[in-house]
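Right, one structure below, let's go through it.
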Amino acid sequence: MATSPSRAELIDRLNEHLAREYQAIIAYVVYSQTLKGAEYMAIAKELEVHAAEELAHALTISKHIDYLGGSPTTKPEAVKVTDDAREMLRADLENENRTIRAYRERVRQCEALGEYAIAEDVREILRQEQEHQTDLATALGEDVPDVSVATSAPAKSKPKR
């Protein structure tokens, strides 16, 4: 007989999300200011918007961790450091792909626990993360990756025009 996830497990998973949100904030702030090249100026401005959205996500997740009786983490996941613009965008895209998969699982976990309000907030965060994923894939000239399964193949490049 399978048991439903516990609130403690949900707190742990939300803290993992929070660490990734911190990572995203740092990466988007740094990358938006250090991307070089005319072809990256539009995405650099978009990354500034992403940073603000990731901060809002972190605040929402922290609020729910506190509501559940947990303590929000203070430690971000590691940020990839590089001077190469494509590597920056690739790192952001890979992080968004992981985040989308994890948030989809979190929605299911919240609903299994009857935490429908948290699930709704996670859905809204997920919607924005998918927009970020689209922005990054487009900037890289790639199709949006299919992250519906735990392991996904690398994105295929769009033909250059």
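Neighbours of A19, meaning other residues whose beta-carbon lies under 13 angstrom from its beta-carbon, give a summed charge of -1 when Lys and Arg score +1 and Asp and Glu score -1. Protein-only accessible surface at a 1.4 angstrom probe places the residues I11, I118 in the order I11, I118, largest first.
Helix content alone sets the calculated 222 nm mean residue ellipticity of the chain: runs of n ≥ 4 DSSP H residues at -39500 (n - 2.57) each, divided across all residues, give -23500 deg cm²/dmol. Note on L59: accessible area approximately 110 square angstrom, rounded to 10, probe 1.4 Å, nucleic acids and ligands left out.
For E142, nonlocal amide neighbours, meaning residues 5 or more places apart or on other chains whose placed amide H falls under 5 Å from its own, are K158. Here the label points at A56 and R101, each 7 Å from Cα along the C-beta direction, are separated by 2.7 nm in the simple model.
Name the helices (complete DSSP H segments) of the chain with a Cα length along the long axis of 27 Å or more and a Kyte-Doolittle mean of at least -0.5, or state none. If you can, show how the numbers build up before the last one.
Values: long enough: 7-34 (40 Å, -0.22); 41-67 (40 Å, 0.15); 85-112 (41 Å, -1.32); 116-139 (34 Å, -0.77).
Both cut-offs are met by 7-34, 41-67.
For Kirkwood radius over Cα pairs in Å, the choices are (1) 16.4; (2) 15.5; (3) 16.8; which was calculated from the structure? Recomputing Kirkwood radius over Cα pairs in Å here picks out (1).
About the centre of its Cα atoms, the chain shows a dipole size close to 320 debye [charges on the beta carbon of Lys, Arg (+1) and Asp, Glu (-1) only; nearest 20 debye].
Please compute the contact order of the chain in relative form: average sequence separation of alpha-carbon pairs under 8 Å and at least six residues apart, divided by the residue count, as a percent. Intermediate values should be presented prior to the final figure.
Numbers: 179 pairs, mean separation 40.8, N = 161.
Value for the chain: 25 percent.
The values are calculated or read from the model by the stated rules, or taken from the named source; none is laboratory data. Computed from a predicted structure; not experimentally measured. So basically every Cβ, Gly included, is an ideal-geometry build from the backbone, and we count neighbours across all protein chains shown. The accessibility values were calculated without ligands, DNA or RNA, using every heavy atom of the protein model including side chains. Shrake-Rupley method; radii C 1.70, N 1.55, O 1.52, S 1.80 Å.
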